[in-house]
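J.: The structure under discussion is supplied below as structure tokens; questions concerning it will follow.
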Amino acid sequence: MLLRIAYSKLETAKYIAHLDLTRVFERAMRRAKIPMAYSEGFNPHPKIAFGSALAVAVEGEREYVDVELRQDMDIREVLGRLQEQLPSGIRLLEGRVVQTGSKALMAVLNAASYLIRVPMALPIGPERLAEGMDAWLKREHIPFARYSKKGRTDKDIRPWVKRLTGSVEGDAVIVELEVEVGNSGSVRPEEVLASLRDLENLPFDLDALQIKRTGIYVHYEGQHYSPLDPDHKRGFRSEAR
Amino acid sequence: MSNTTTRIREQVERFLPKVLKPSRYLGAEWNSIHKDWDETDVHMVFAFPDVYEVGMSHLGTRILYHLVNSFPWFACERVFAPWVDMEEKMRARGIPLYALESFRPIRDFDVLGFTLQYEMSFSNILNMLDLAGIPLRTSERGQEDPWVIVGGPCAYNPEPLAPFIDFALLGESEEQLPEVLNLVAEQKKNPVSRREFLLKVAQVQGVYVPEFYQVDYQEDGRIAGIIAEPGVPKVVEKAIVKDLDAAFFPTNPIVPYMEIVHDRMMLEVMRGCSRGCRFCQAGMIYRPVRERSPETLLRQTEELVRSTGYEEISLTSLSSGDYSCIQPVVQEIIAKYSPERVGVSLPSLRIDSFDVKLAQEVQKVRKSGLTFAPEAGTQRLRDVINKGVTEENLMEATEAAFKAGWSSIKLYFMIGLPTETQEDLDGIAHLAKNVANLGNKLGRRNVNVTVSTSSFVPKSHTPFQWEPQERQASLEAKQKYLKEKLRDRRIKYNYHDASTSFLEAVFAKGDRRLADVLEHAFRAGCRFDGWSEHFRYDVWMESFRELGIDPSFYAHRALDYDDVLAWDHLESGVKKRFLMQEHFQALQEARTLDCRLTDCTGCGVCPDRGVQIDLKG
């Protein structure tokens, strides 16, 4: 039985690295005595698959994971037993059985929304903020330098950004951001903010960012669907056509 | 929660996303214990002077953490050495070293207990004291500072740390540590002077208070004598658990979020090893052999699986293949837990007790390489070190392994052992090639043999404590020779850095005069000396020069039987007479057999203490 679960990853759980999360779920399932299905082969591992990775220290309000069980079980019982064995900060929100062999979460999730709180190094008014953001959005191409072991690569980050708004709240700016997520990558929220700071001179203090991913979706024809929502499948059908 | 802890947490969380592996510094793992500060009488913080993933892999740390917390009136938290990036950020912001569970500053605790697993972590201890804002030397500390105590194998010669520690715990702490903490509780209620308190603590079995022992030196640098003050034992003898089967063992261990070095359940099947390898400190200080019963182990396994959810259980001890019930215990665990995909692993297998069926059983889940430790290249040298294995043992074991499908074999050796000759080095290459040839002959393709050599470090409390370490230049020449000799596409050769082994030897046999060097090196930036990327040999040597101390005096000098050893007032229960006798036997190339198999060898640990070898099979 393939179970798709929505959960939140908040507070100190935000520091659990994505690579460690599979083990956290596997061990919680074993403590909860929920029989997991395993891959075949030399080195079998439990069939647990997540949606798009959440960066360390970024909270997630609604994330998704697929877990395959060796036998059919009552969903409420699975969620209840599993919840008891999960670290505080990971809360199970909802679960639904999906057809075995359904497309992986990674393949269907293609949009994400973020809420970011960024302190200002210098105070600015809402007009100045809106001006800066508008100017940024009007740019057609926004190159951004990424550094890795292989050296520097410049990426155009503008195409990934679908929506960007901000408001001033005390000595911080609250940013709402929607981005596209795809096979060829995406843009990280801190990259958008760094670019806003550099190109539009917005005085963001990037050392003290607080980022929360408010959702991750199946985006289709201007609509956001949840991968738990059976309606989201319309998206695939039309894709298949 | 106090203001301080909230402030520390807030400050740390600001930069945590920017340090490597933030999970190291958070302490809210599954099964971690968070006690109410005001509801507990004694607050201890258990300190491991290395990074989190190393410290959390250490069974002793886990046992003592849960042991102390099993008493309702004690609270025990943890702290590890922050990695260099974290340290830099903490220092820049003036954040004191804090305990993982509560984020409380270390200096708020009553007891700060370091475990001494290896000499190369000593500089980290000073660094952690400094980060905690605790004066390094006991003479500079006040009443509000914690008691700084140490335990673990290097506590059998803690002399280089003497001015920095209030006392050391020798031996097994299951009974001793709670007794000490009860004295601390009493001291908090009805305080007496520091001296009076330490006198009381010194009465507990295995407690060593360095300041009660006066060390005098001769003009040539040797120790003239060690004199105990009245009222404390002349020789401190380790504490020991008589009934291991009934001893405390935590079955609800912490499950870290990040991957640690030994990321699995640990089941301690026995304690001690009486094989009697003459270089091995653990084999001397953990005697006698005491086993746990299969019933106890199976009950503990069930509790461990349920409380951790781990996918692997390791049957640990100094030599688990020697555990008399190993076969039935492994089979039963596999039968019961393989449906849940829980596998069994054995950390080390001896060549002479190697059982390929057992190895296959435990490899059902993961198929990794097999490791054997012949330790020396010829039978003569293996007899000198009393490593009772033969070339035939090795060939039989590897043949069985190749036939069963393994193609990767790791072989561990030591170079620079007492009496080593050219022939012994050639013997290493000879064994490695024979193993590789055997693999080919048995039709294994991709045979690969990894040879690792470490350099012999004479350790206190062993028959080789009187032996010098070989000079670095000579060790390096041997490494180079072996590198040439092992040029073969099927063989890979690794060796340990000789300068690290040299410093290890200096501190393993060091005395109190090294404390100044340690402090100097720490102030000059030394830390994480066990990590090659941070080891600064030149800074260490500069510190020795600066203080006019010759490290070679400690590492390279052959000691006389009538020399006063820096650790003569500390005893593991194994008598010095026995160690001398064993040293003599070594030079005669004569074996001493395991007392489990033949007669008592007279090491001295069993009589008088009401302990004995305890086998369950």
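J.: If you go through region B:333-348 one residue at a time, do you hit one that is assigned to a helix (DSSP H, G or I), within 14 Å of another protein chain (Cβ to nearest Cβ), surrounded by fewer than 23 Cβ atoms within 10 Å (Cβ to Cβ) and of a type in the set (Gly, Ala, Ser)?
T.: yes
J.: So B:TYR310 fits all but one of (1) surrounded by fewer than 22 Cβ atoms within 10 Å (Cβ to Cβ); (2) assigned to a loop (DSSP other than H, G, I, E, B); (3) within 14 Å of chain A (Cβ to nearest Cβ); (4) in contact with a helix residue (DSSP H, G or I) (Cβ under 7 Å, 6 or more places away or on another chain); what number is the exception?
T.: (1)
J.: From the list A:ILE116, A:ILE157, which residue is at pLDDT 95 or above and either among the polar types (S, T, N, Q) or under 19 Å from the mean Cα position of the chain (by Cα) (or both)? Explain how you work it out, then say what you get.
T.: Values: A:ILE157 fails: at pLDDT 95 or above.
Of A:ILE116, A:ILE157, the one residue that is at pLDDT 95 or above and either among the polar types (S, T, N, Q) or under 19 Å from the mean Cα position of the chain (by Cα) (or both) is A:ILE116.
J.: Residue by residue through region A:49-68, note down the ones that are within 13 Å of chain B (Cβ to nearest Cβ) and either more than 21 Å from A:GLY95 (Cβ to Cβ) or modelled with pLDDT of 95 or more (or both). Before you say what the answer is, go through the steps one by one.
T.: In the first step, residues of region A:49-68 are kept if they are within 13 Å of chain B (Cβ to nearest Cβ); the result is A:54-59.
Of everything in region A:49-68, those that are within 13 Å of chain B (Cβ to nearest Cβ) and either more than 21 Å from A:GLY95 (Cβ to Cβ) or modelled with pLDDT of 95 or more (or both) turn out to be A:ALA55, A:VAL56, A:ALA57, A:VAL58, A:GLU59.
J.: Next question, about the same structure. Within region B:171-185, can one find any residue that is outside any helix (DSSP H, G or I) and under 23 Å from the mean Cα position of the chain (by Cα)?
T.: So in region B:171-185, the residues outside any helix (DSSP H, G or I) come out as B:171-172.
Applying the additional criterion that residues be under 23 Å from the mean Cα position of the chain (by Cα) yields B:171-172.
Yes.
J.: On the basis of being surrounded by fewer than 19 Cβ atoms within 10 Å (Cβ to Cβ) and touching a strand residue (DSSP E or B) at 6+ places or on another chain (Cβ under 8 Å), does B:GLY142 make the cut?
T.: Working: surrounded by fewer than 19 Cβ atoms within 10 Å (Cβ to Cβ): yes; touching a strand residue (DSSP E or B) at 6+ places or on another chain (Cβ under 8 Å): no.
Here the answer is no, as B:GLY142 does not meet what is asked.
J.: Considering only region B:517-535, how many residues are surrounded by fewer than 17 Cβ atoms within 10 Å (Cβ to Cβ) and without any contact (Cβ under 8 Å) to a residue 40 or more places away in the chain?
T.: Of all residues in region B:517-535, those surrounded by fewer than 17 Cβ atoms within 10 Å (Cβ to Cβ) come to B:523-525, B:531-534.
Subset that is without any contact (Cβ under 8 Å) to a residue 40 or more places away in the chain: B:523-525, B:531-533.
Result for region B:517-535: 6.
J.: Can I ask one more? When you go through B:ALA155, B:ALA162 one by one, which is the residue that is closer than 28 Å to B:HIS461 by Cβ, among the hydrophobic types (A, V, I, L, M, F, W, C), without any contact (Cβ under 8 Å) to a residue 60 or more places away in the chain and part of a helix (DSSP H, G or I)?
T.: On the way: B:ALA162 fails: without any contact (Cβ under 8 Å) to a residue 60 or more places away in the chain.
Answer to the check: B:ALA155.
Per-residue answers, yes or no, for (1) hydrophobic (A, V, I, L, M, F, W, C); (2) over 14 Å from the mean Cα position of the chain (by Cα):
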| site | (1), (2) |
| --- | --- |
| A:ARG4 | no, yes |
| A:SER8 | no, no |
| A:VAL24 | yes, yes |
| A:GLU40 | no, yes |
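Each row is one residue, and each column tells you yes or no for (1) of a type in the set (Val, Ile, Thr); (2) assigned to a helix (DSSP H, G or I); (3) more than 13 Å from B:GLU29 (Cα to Cα).
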position: A:SER8; (1), (2), (3): no, no, yes
position: A:ASP20; (1), (2), (3): no, yes, no
position: A:VAL24; (1), (2), (3): yes, yes, no
position: A:ARG27; (1), (2), (3): no, yes, no
position: A:ILE34; (1), (2), (3): yes, no, yes
position: A:GLU40; (1), (2), (3): no, no, yes
position: A:ASN43; (1), (2), (3): no, no, yes
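J.: Are there any pairs, at least 6 apart or on different chains, whose C-beta atoms fall under 6 Å, with the first in region B:13-40 and facing chain A (nearest Cβ under 7 Å) and the second among the basic types (Lys, Arg) and not in a helix (DSSP H, G or I), and if so, which?
T.: That search, which allows pairs on different chains as well, returns nothing.
J.: Here's a follow-up. Does any residue of region B:241-256 turn out to be among the basic types (Lys, Arg), part of a loop (DSSP other than H, G, I, E, B) and at pLDDT 95 or above?
T.: Applying the first criterion (among the basic types (Lys, Arg)) to region B:241-256 yields B:242.
Those left that are additionally part of a loop (DSSP other than H, G, I, E, B): B:242.
Applying the additional criterion that residues be at pLDDT 95 or above yields none.
No; the residues of region B:241-256 include none that is among the basic types (Lys, Arg), part of a loop (DSSP other than H, G, I, E, B) and at pLDDT 95 or above.
J.: Check whether at least one residue in region A:1-9 is within 13 Å of chain B (Cβ to nearest Cβ) and modelled with pLDDT under 95, and report yes or no.
T.: At the first step, the residues of region A:1-9 found to be within 13 Å of chain B (Cβ to nearest Cβ) are A:9.
Narrowing the set further to residues that are modelled with pLDDT under 95 leaves none.
No, there is no match, as no residue in region A:1-9 is within 13 Å of chain B (Cβ to nearest Cβ) and modelled with pLDDT under 95.
J.: Go through region A:195-208 and count every residue that is within 14 Å of chain B (Cβ to nearest Cβ), part of a helix (DSSP H, G or I) and either among the hydrophobic types (A, V, I, L, M, F, W, C) or touching a residue at least 24 places away in the same chain (Cβ under 8 Å) (or both).
T.: 2
J.: A follow-up question, please. If a residue has to be in contact with a Phe, Trp or Tyr (Cβ under 7 Å, 6 or more places away or on another chain), surrounded by 16 or more Cβ atoms within 10 Å (Cβ to Cβ) and assigned to a loop (DSSP other than H, G, I, E, B) to count, how many in region B:17-39 make the cut?
T.: Going through region B:17-39 one residue at a time, the tally reaches 2.
J.: So which of B:THR301, B:THR316 ends up being touching a helix residue (DSSP H, G or I) at 6+ places or on another chain (Cβ under 7 Å) and within 30 Å of B:PHE578 (Cα to Cα)?
T.: Numbers: B:THR301 fails: within 30 Å of B:PHE578 (Cα to Cα).
Of B:THR301, B:THR316, the one residue that is touching a helix residue (DSSP H, G or I) at 6+ places or on another chain (Cβ under 7 Å) and within 30 Å of B:PHE578 (Cα to Cα) is B:THR316.
J.: Output the number of the condition that A:GLY95 fails; it satisfies all remaining conditions of (1) away from every other protein chain (no Cβ under 11 Å); (2) over 25 Å from A:GLN223 (Cβ atoms); (3) touching a residue at least 40 places away in the same chain (Cβ under 8 Å).
T.: In the conditions (1) away from every other protein chain (no Cβ under 11 Å); (2) over 25 Å from A:GLN223 (Cβ atoms); (3) touching a residue at least 40 places away in the same chain (Cβ under 8 Å), A:GLY95 misses (2) alone.
J.: Is at least one residue of region B:394-407 farther than 30 Å from B:GLU361 by Cβ and surrounded by fewer than 22 Cβ atoms within 10 Å (Cβ to Cβ)? Spell out the reasoning first.
T.: Residues of region B:394-407 farther than 30 Å from B:GLU361 by Cβ: none.
Within region B:394-407 (the criterion being farther than 30 Å from B:GLU361 by Cβ and surrounded by fewer than 22 Cβ atoms within 10 Å (Cβ to Cβ)), the answer is no, since none of the residues qualifies.
The values are calculated or read from the model by the stated rules, or taken from the named source; none is laboratory data. In this text, all values refer to a predicted model and were calculated from it rather than measured experimentally. A quick note on method: Cβ atoms are made from the backbone with ideal geometry, for glycine too, and the neighbour counts reach across all protein chains shown.
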